[in-house]
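Here's the structure, in structure tokens; my notes come after.
The values are calculated or read from the model by the stated rules, or taken from the named source; none is laboratory data. Given the structure is predicted, the values throughout are model-derived calculations rather than measurements. Ideal geometry is used to build each Cβ from the backbone, glycine not excepted, and the neighbour counts take in all protein chains shown. For accessibility, only protein heavy atoms count, side chains too; no ligands or nucleic acids. Shrake-Rupley method; radii C 1.70, N 1.55, O 1.52, S 1.80 Å.
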Amino acid sequence: LPIVVKAFEMEIIPANRIVAQIGETLILTCNTTGCTSPSFSWRTQMDNPLGGTVNNHRTYSTLTMNPVSIVNSHDYLCTVFCGEKDKKEKSIKVELYSFPSDPIIEIRPSLVAGEPVTVVCKIPDVYPSDHLEVLLKKEGYTLHEEKFYEDDSTNTETKTVTYSFNPTAEDIGKEITCVAKLPIAYMDFEPKERVTSQKLNTNFGPKNTIITASPGNLPMEGDPLKLTCVTESNPPTQIVWRKHLADESIQHLIENNVLSIPHTRFTDSGLYICEVINLVTNKTEKATVDIVIQDGPKNTMISVIPATAVKEGETVMMKCTSSGNPAPVISWKKKTATGELEKMFKDATLPIQNVKSQDMGLYECEAYNQFGREEKAVKLLVQVPPQNITVLVYPSENVKEGENVTITCSMYSNPPSQMVLKKVHQEKEIILSSVNGTFILYNVTKNDAGRYLLDVFNEAGNNVKVIDISVVGRLEKTDQMIPLIIAFSCVTAVAVPVVAILIYVSRKAKINGSYSLVKALRLKV
């Protein structure tokens, strides 16, 4: 069979003319047959800018206008070359219009019987407007007609028709209709007529204002919360959200009918107020909702008055506070000697009157509700002044020269006591401090005889004991003077007094008429 060679041909799609709406997308296609490697060229008839994007393919070329605008209202010419000699071209006319949406009706002000109203009808982005016709109707009866045949707009433009009249009481609820037509006979597009209606309504409200809470007014902490304020009003109201704060002040939140909290916190609890305002009727209405964020106990704290360390006989007030919702139940426990916790009180405040040493210890406050529990502990210290002091003088308070005298004591106190031994002198008072709490009188002489004051003290108080020591006779040669060294031992404990029995060590010294302390403590005479 002979090979059939197709002739070189071209076409434009769509052919001859196209009607396009401004703002939409238009694609013109220049297609060829019978040529393996055509080359394409696009231009407008008047050599204006193309106003689009050219994309060449193997056997066809496209001109894309996105979006179509008023600059695309031209005759477009596509020229195709096949080799050096073959050339073909065709044109297409692009005709534009714009009629994108229905009219918008405004009635200003909203109807009040007996007062004039103005009906405004707006037709958005019309082109060509010199074909626009607008009718205003009331229940099918024509109120007003306007034609824009003389309009000379060269681009899309919003056209407005205004009409005022005095409504009667019977007009309330009747329908106002705006009919906009763009009857261009030589253009094929739909729709060529657009209609909008609105009823003549009276001004009213706001009324029946309510707040809905989703998922409810008792959300768990961390959950989302959405509050929606709904009211009945014409015209629509302005809506303002506010919240009552703990200090009685009011916090302004947002101006919207929906208040959203993505993740609620405990501090979001409170009374929320939705205030709706009709600026035409000049009326205001409020609705409220009490939001309670639920959560387990947290921020549990213990306060102790007057302090965690008190003197015996004082009154102590322990107070436990905790945040949470529902309000946590507070209970108190005390740690026993075995380490177990013993329940003792179920209230936020734990009073301890005339506090005693056995009240000392670890107290635990437990806060709990259905969503959890939290515990805090505090240690109470009871300070006891030195008491039940027993002083022992060994071998006795009446000794012979050259003997050693040991003074010991037992007592009860908290915290442990310190002590000072004072010797009452004819000229001045001699104060002897202890090292490790030990005093020993070594090799006493008659100069060491006299009255001694033992002062035992701690933060809670002090106690003074009087010791009279007499020295008689002499055990050694008369030419020797034996010095006096004092040692005193006192062991204190919080619970169990211990009598310290001290072992004394005799040491001879030949320092006439002086005092010496164990471990080289100096005495001032």
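Structure notes:
- Close Cβ contacts (under 7 Å, 6 or more residues apart or on different chains) running from residues in segment 164-181 that are at positive phi to residues that are loosely packed, with under 15 Cβ neighbours inside 10 Å and among the basic types (Lys, Arg) comprise Gly173/Lys199.
- Of the residues examined, Ile92 is one that is part of a strand (DSSP E or B), at pLDDT 90 or above and open to solvent by less than 80 Å² (accessible area, probe 1.4 Å).
- Of all residues in segment 336-352 being part of a loop (DSSP other than H, G, I, E, B) and among the aliphatic types (A, V, I, L, M), the one that is nearest to the chain's Cα centre (by Cα): Ala348
- Residues located in segment 75-104, provided they are charged (D, E, K, R) and over 60 Å from the mean Cα position of the chain (by Cα): Asp75, Glu84, Lys85, Asp86, Lys87, Lys88, Glu89, Lys90, Lys93
- Test: Ser101 is outside any strand (DSSP E or B), small (Gly, Ala, Ser) and open to solvent by 40 Å² or more (accessible area, probe 1.4 Å): yes
- Residue match in segment 132-154 (condition: touching a helix residue (DSSP H, G or I) at 6+ places or on another chain (Cβ under 8 Å), touching a residue at least 24 places away in the same chain (Cβ under 8 Å) and not in a strand (DSSP E or B)): yes
- Matching entry among Lys199, Lys207 (being closer than 30 Å to Thr228 by Cα, open to solvent by 30 Å² or more (accessible area, probe 1.4 Å), within 42 Å of the chain's Cα centre (by Cα) and touching a residue at least 24 places away in the same chain (Cβ under 8 Å)): Lys207
- Verdict on Glu190 being free of Cβ contacts under 8 Å to residues at least 24 places away in the same chain and either surrounded by 17 or more Cβ atoms within 10 Å (Cβ to Cβ) or closer than 30 Å to Pro100 by Cα (or both): yes
- Checked against (1) assigned by the TED database to the domain that holds Glu170; (2) open to solvent by 30 Å² or more (accessible area, probe 1.4 Å); (3) of a type outside the set (S, T, N, Q), Val120 passes all but a single condition, namely (2).
- Strands (runs of 3 or more DSSP E) (entirely within segment 174-232) containing at least 1 residues that are in contact with a helix residue (DSSP H, G or I) (Cβ under 9 Å, 6 or more places away or on another chain): 175-181
- Just one of the listed residues (Asn404, Asn354, Asn325, Asn388) is outside the structural domain of Thr300 (by the TED database) and either out of contact with any Pro (no Cβ under 8 Å at 6 or more places or on another chain) or surrounded by 14 or more Cβ atoms within 10 Å (Cβ to Cβ) (or both), namely Asn404.
- Residue satisfying all of: in segment 365-382; surrounded by fewer than 18 Cβ atoms within 10 Å (Cβ to Cβ) and in contact with a Leu (Cβ under 9 Å, 6 or more places away or on another chain); nearest to Tyr412 (Cα to Cα) among these: Lys379
- Test: residue in segment 62-78 that is part of a strand (DSSP E or B) and without any contact (Cβ under 8 Å) to a residue 12 or more places away in the chain: no
- Within segment 14-52, tally of residues that are of a type outside the set (D, E, K, R), open to solvent by 80 Å² or more (accessible area, probe 1.4 Å) and closer than 24 Å to Pro100 by Cα: 2
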